[in-house]
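Only one structure is covered here, and it is reproduced in the block below.
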Amino acid sequence: MHEMSLCENILGILLDEAASQNFSKVDRVCLEVGPLSGVEPEALRFGFDVVTRGSLADGAQLDIFEPQATATCAACGTTAVIQDRFDPCPSCGSHLLQIKTGEELRIKELEVS
Amino acid sequence: MCTVCGCGSGETRIEDGTKHALGYGHEATPDHSHHHHYGAGDAGASVPGMSQSRLIQLEQDILSKNNSYADTNRRYFAEHGIFALNLVSSPGSGKTSLLVETLKKLGKTHACYVIEGDQQTTNDADRIRETGVPALQINTGKGCHLDGHMIGHALERLTPKDGAYVFIENVGNLVCPAAFDLGEAHKVAILSVTEGEDKPLKYPDMFAAADVMLLNKTDLLPYVDFDVEIATANARKINPEINVLTVSAQSGDGLEDWIDWIGTARAKLFAGYAATDAAE
């Protein structure tokens with residue numbers, strides 16, 4: 001449900017960048033959204049279209065890159081891909097996992113004109 | 001709407017209006033800019049000769065603006081010796097009742113303040129004020145969480161004394177508040193025994209973000225099918241470090257342990273700050 005306010009944050013960043021880097025139109029936005037970021041990419045797409053309407057990013061293409069989530073096991077040292085936070089270590093079954101990647105929630109790059 | 005920066009033009013309302021009296025935010029956070037500062041055009045700027053498409057590598061956290069407000073709040077708390085907790089749970093877990101009972105004890109010896117977040121009504125702030133503790137209600141309108149910016153403004157209204165405890169009762173929602181740092185020392189997740197033991201697995205982000213889980217309404221344990229051990233094990237699958245305390249706002253069981261935890265966590269936080277200062 002907070003995808004809408006995240007989209008407002010994205011638009012805020014785009015407007016800040018437009019002022020500091022001198023551009024007036026955003027053609028493409030590339031996001032990195034990890035599976036453990038708490039964000040639903042489809043809801044983000046919906047919010048992005050609504051929030052950017054009439055703005056410098058109206059009609060911009062939204063690319064969402066979804067990296068894998070990985071974690072290192074504090075018990076056996078294995079680093080592995082996980083699907084959910086509650087997954088056990090695939091090697092030893094421990095839940096003492098330290099999340100390494102998968103919580104990303106950032107704008108990677110912009111194509112502007 | 002805030003007349004200085006124009007923020008809060010949505011549905012968010014802070015009781016008794018909003019002021020910028022404490023110098024929080026606008027001057028203090030250089031990156032605090034709202035899009036309406038840029039004028040009416042696409043970007044409020046027309047740049048001759050810049051029509052060519054180009055790529056900008058940004059690598060910027062989408063929550064960076066919220067995080068900078070949260071950092072400002074955290075600095076404010078540190079400078080004033082204030083210990084702040086962010087209480088998160090689903091609606092109906094007993095957050096407000098637990099807070100009322102906590103304040104009845106802690107408020108006897110310490111200055112306490114409460115910031116209440118709900119979509120509508122001042123009911124919760126009214127309940128807190130009945131204990132004699134100053135409270136401020138933020139109504140988020142359609143919003144599903146409190147953010148760092150709202151808390152900054154609330155602190156300007158509330159003006160907590162140095163050395164105080166500030167409790168922030170977030171909007172009842174186990175999803176969105178997990179993502180928004182408010183500048184608090186700890187997030188405290190409250191789960192009542194009338195809910196399922198599997199809630200930490202269903203809403204993992206919140207239990208990953210919290211440092212403590214309070215299992216509330218333990219006076220009802222004889223009547224409900226809830227296993228404290230299983231709930232604890234589930235929470236630790238998500239967050240192996242999480243502290244678990246059992247409490248009952250109704251009977252008072254476990255409240256002393258909870259208040260002890262608050263005191264210990266506070267001492268640890270400020271000892272950490274002192275060590276950092278000494279090292280510098």
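Scan A:Glu109, A:Glu8, A:Glu32, A:Glu17 and give me the residue that is at pLDDT below 95 and either in a strand (DSSP E or B) or more than 30 Å from B:Ala231 (Cα to Cα) (or both).
On inspection, the qualifying residue turns out to be A:Glu8.
Of the residues B:Ala275, B:Ala249, only one is under 30 Å from A:Lys100 (Cα atoms) and either within 14 Å of chain A (Cβ to nearest Cβ) or not polar (S, T, N, Q) (or both); which?
Just a single option satisfies the conditions, and that option is B:Ala275.
If you check B:Phe226 against the conditions, is it over 22 Å from A:Val39 (Cβ atoms), aromatic (Phe, Trp, Tyr) and assigned to a loop (DSSP other than H, G, I, E, B)?
Yes: the conditions hold for B:Phe226.
Kindly indicate which of B:His149, B:His110 is farther than 18 Å from B:Ala209 by Cβ and buried (at least 22 other Cβ atoms within 10 Å of the Cβ).
Just one listed residue meets the conditions, B:His149.
Considering (1) surrounded by fewer than 18 Cβ atoms within 10 Å (Cβ to Cβ); (2) without any contact (Cβ under 8 Å) to a residue 40 or more places away in the chain, say which one A:His95 fails and leave the rest.
(1)
Could you tell me which residue of segment B:191-202 is nearest to the other protein chains (Cβ to nearest Cβ), considering only residues that are more than 21 Å from B:Leu99 (Cβ to Cβ) and within 22 Å of the chain's Cα centre (by Cα)?
Among those residues, the one meeting the criterion is B:Leu201.
Please identify the pairs in which a residue from segment A:19-30 that is closer than 15 Å to A:Arg45 by Cβ and touching a residue at least 12 places away in the same chain (Cβ under 8 Å) has its Cβ atom under 8 Å from the Cβ atom of a residue that is buried (at least 19 other Cβ atoms within 10 Å of the Cβ) and among the aromatic types (Phe, Trp, Tyr), counting only partners at least 6 apart or on another chain.
Matching pairs, first to second residue: A:Val29/A:Phe48.
Does any residue of segment B:82-91 turn out to be in contact with a helix residue (DSSP H, G or I) (Cβ under 8 Å, 6 or more places away or on another chain) and either surrounded by fewer than 17 Cβ atoms within 10 Å (Cβ to Cβ) or part of a helix (DSSP H, G or I) (or both)?
The answer is no, given that none of the residues of segment B:82-91 is in contact with a helix residue (DSSP H, G or I) (Cβ under 8 Å, 6 or more places away or on another chain) and either surrounded by fewer than 17 Cβ atoms within 10 Å (Cβ to Cβ) or part of a helix (DSSP H, G or I) (or both).
When you look at B:Asp42, is it part of a loop (DSSP other than H, G, I, E, B), at pLDDT below 95 and crowded, with 17+ Cβ neighbours inside 10 Å, yes or no?
In short, yes.
How many residues does segment B:126-153 hold that are small (Gly, Ala, Ser) and modelled with pLDDT under 95?
Final tally of qualifying residues: 2.
Would you check which residues across segment A:35-68 are within 9 Å of the chain's Cα centre (by Cα) and among the aromatic types (Phe, Trp, Tyr) and list them?
A:Phe65, the sole residue that qualifies.
Under 7 Å between Cβ atoms, at least 6 apart or on separate chains: pull out the pairs that start in segment B:171-182 with a residue that is in contact (Cβ under 8 Å) with a residue 60 or more places away in the chain and end on any residue that is among the β-branched types (Val, Ile, Thr).
Pairs that qualify, where the first residue is in contact (Cβ under 8 Å) with a residue 60 or more places away in the chain and the partner is among the β-branched types (Val, Ile, Thr), are B:Pro177/B:Val88; B:Pro177/B:Val171; B:Leu182/B:Ile151; B:Leu182/B:Ile168.
Of all residues in segment A:14-33 being within 7 Å of chain B (Cβ to nearest Cβ) and buried (at least 22 other Cβ atoms within 10 Å of the Cβ), which is farthest from the chain's Cα centre (by Cα)?
Checking each candidate, the answer is A:Phe23.
Counting only residues that are more than 9 Å from chain B (Cβ to nearest Cβ), of a type in the set (Val, Ile, Thr) and within 19 Å of A:Lys108 (Cβ to Cβ), how many does segment A:34-71 have?
Number of matching residues: 4.
Run down A:Ala43, A:Ala57 and say which single residue is over 25 Å from B:Glu241 (Cα atoms), surrounded by fewer than 20 Cβ atoms within 10 Å (Cβ to Cβ) and touching a helix residue (DSSP H, G or I) at 6+ places or on another chain (Cβ under 6 Å).
A:Ala43
The values are calculated or read from the model by the stated rules, or taken from the named source; none is laboratory data. Bear in mind the structure is a predicted one, so any value in this text is a computation, not a measurement. Methodologically, a virtual Cβ is constructed for each residue, glycine included, from the backbone with ideal geometry; neighbour enumeration extends over all protein chains shown.
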